[in-house]
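Just below is one structure, and these are the notes that go with it.
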Amino acid sequence: MAAVTPKLASFRRVVVKVGSSLLIDSKAGTVNADWLRALAEDLSDFAKRGASVLVVSSGAIALGRTVVKLPAQGPLKLEESQAAAAVGQIALARVWAETLAAVNLTAGQILLTLGDTEERRRYLNARETIGKLLELGAVPVINENDTVATTEIRYGDNDRLAARVATMMSADLLILLSDIDGLYSAPPHKNSSAQLIPLVPRVTAEIEAMAGEAESELSRGGMRTKIEAAKIATAAGTHMVIASGRKLHPVRAIAEKAPCTWFLTPANPVTARKKWIGGALEPKGAIHVDAGAVAALRRGKSLLPAGVVKISGAFARGDAVLIRDPEGSEIGRGLVAYDSADAERLKGQNSERIEAILGYRGRSEMVHRDDLALAGE
Ligand code: GLU
């Protein structure tokens, strides 16, 4: 049976990645404003349906480099691109804020580094902030924090960054808007018989080989980084689609069956995340809870400090911990919002007292239900 491509209207949380070559006219060093306005209208379609939208936007370096009189094209030294990004990111954020405001959306800028998505403690912080923005109805506009990201600690391409953001936020769809309409059986500029692959049920070695090393002038990511992104996304329950942004309303075009490549995931983001929490992580300690907390957890609630009776082990915020019932049996695992010292001070306490006890306003939950995998779940 041929797999069917999903309907855009069925997604609840969508990350849209926009490449520099679409957003910026590289010769003039200016934003393609008409194009961006049309894209913003597409994004508002999601919002109107009640879906949440996140944007990962490149373009800081491309916008900034001409302003500081660096060559408009060609590779830059790391410190030059950092300086260009410092100048360009301000303009980029402003353009997004204004363009989204015109379709009644509020933009919130988030600049991330590799550590924010890969280190668990910082990962929880980033997830929480972005989650709050979404809850408040704003559209996070995300880029890598290029001015502080050095070679060893940077993504360098927004394809993989977007995939990590999508999985971190349990998005069910990632759209990569690119200067090419999808994955071809061979790099199309080198091979005229190359065919567009409309659907990739699984990223195999054969699929990876098709990507070649294609690169466009402005964007760092060629097809290679897009395939890497597909691997990250589909392993964590996020579908991905690569589509051409070289037209107005590129997202509507996907819904209207424009050529594109879908990468399907067999999982869904929530189950994939719970599986990751439940299985892949090494627990650093345990939180012993009372019978009331066990019952609340089974009803799908978060673990509050009030239900905690004992802390064992030494752990940091964001570490995986075991949750044990009054008999000492493991009932699940979760990512803990406090380190073991703070957890010790909070155990048995009402969440309203957290600030008085710790001197700062931490999370009301010891382990949020999104960060919790119960045994048998
Ligand atoms: N973060 C870079 C920028 O804003 C872009 C990276 C990419 O093109 O993937 O210029």
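The values are calculated or read from the model by the stated rules, or taken from the named source; none is laboratory data. Just so it is clear, the model here is predicted, and its values are computed rather than measured. With ideal geometry, Cβ positions are generated from the backbone for all residues, glycine too; neighbour counts draw on all protein chains shown. The area values use the complete protein model at the heavy-atom level, side chains included, leaving out ligands, DNA and RNA. Shrake-Rupley method; radii C 1.70, N 1.55, O 1.52, S 1.80 Å.
General remarks:
- Within the stretch 136-162, the residues that satisfy the criterion of being assigned to a helix (DSSP H, G or I) and at pLDDT below 95 are 151, 152, 153, 158, 159, 160, 161.
- For residue 164, the conditions (1) more than 24 Å from residue 336 (Cβ to Cβ); (2) open to solvent by 40 Å² or more (accessible area, probe 1.4 Å); (3) within 16 Å of the ligand (Cβ to nearest atom) all hold with the exception of (1).
- For the stretch 15-22, the count of residues that are assigned to a strand (DSSP E or B), more than 15 Å from residue 142 (Cβ to Cβ) and within 10 Å of the ligand (Cβ to nearest atom) is zero.
- Residue within the stretch 188-198 that is within 16 Å of residue 264 (Cα to Cα), of a type in the set (Lys, Arg) and surrounded by fewer than 16 Cβ atoms within 10 Å (Cβ to Cβ) present: no
- The requirement of being open to solvent by less than 50 Å² (accessible area, probe 1.4 Å) and among the hydroxyl-bearing types (Ser, Thr, Tyr) is not satisfied by residue 329.
- Subset tally (residues that are under 21 Å from the mean Cα position of the chain (by Cα) and either more than 17 Å from residue 149 (Cβ to Cβ) or in a helix (DSSP H, G or I) (or both)) for the stretch 96-117: 11
- Residue list for the stretch 173-186, restricted to those being open to solvent by 30 Å² or more (accessible area, probe 1.4 Å) and more than 13 Å from the ligand (Cβ to nearest atom): 180, 181, 184, 185
- Where a residue in the stretch 171-186 is farther than 14 Å from residue 43 by Cα and its partner, wherever it lies, is among the small types (Gly, Ala, Ser) and in a strand (DSSP E or B), with Cβ under 6 Å and at least six apart: 181/244
- Test: residue in the stretch 27-34 that is closer than 26 Å to residue 172 by Cβ, in a strand (DSSP E or B) and either free of Cβ contacts under 8 Å to residues at least 12 places away in the same chain or away from the ligand (no atom under 13 Å from the Cβ) (or both): no
- Between 136, 124, 114, the distinction of being out of contact with any Leu (no Cβ under 6 Å at 6 or more places or on another chain) and open to solvent by less than 20 Å² (accessible area, probe 1.4 Å) belongs to 124 only.
- Residue match in the stretch 63-83 (condition: within 11 Å of the ligand (Cβ to nearest atom), touching a Leu at 6+ places or on another chain (Cβ under 9 Å), without any contact (Cβ under 8 Å) to a residue 40 or more places away in the chain and assigned to a loop (DSSP other than H, G, I, E, B)): yes
- Checking each residue in the stretch 293-305 for being open to solvent by 30 Å² or more (accessible area, probe 1.4 Å) and outside any helix (DSSP H, G or I) picks out 299, 300, 301, 304.
- Qualifying positions in the stretch 218-240 - within 15 Å of the ligand (Cβ to nearest atom), open to solvent by 40 Å² or more (accessible area, probe 1.4 Å), at pLDDT 90 or above and not hydrophobic (A, V, I, L, M, F, W, C): 228
- Matching residues in the stretch 35-62 - criterion: being surrounded by 24 or more Cβ atoms within 10 Å (Cβ to Cβ), within 15 Å of the ligand (Cβ to nearest atom) and outside any strand (DSSP E or B): 58, 59, 60, 61, 62
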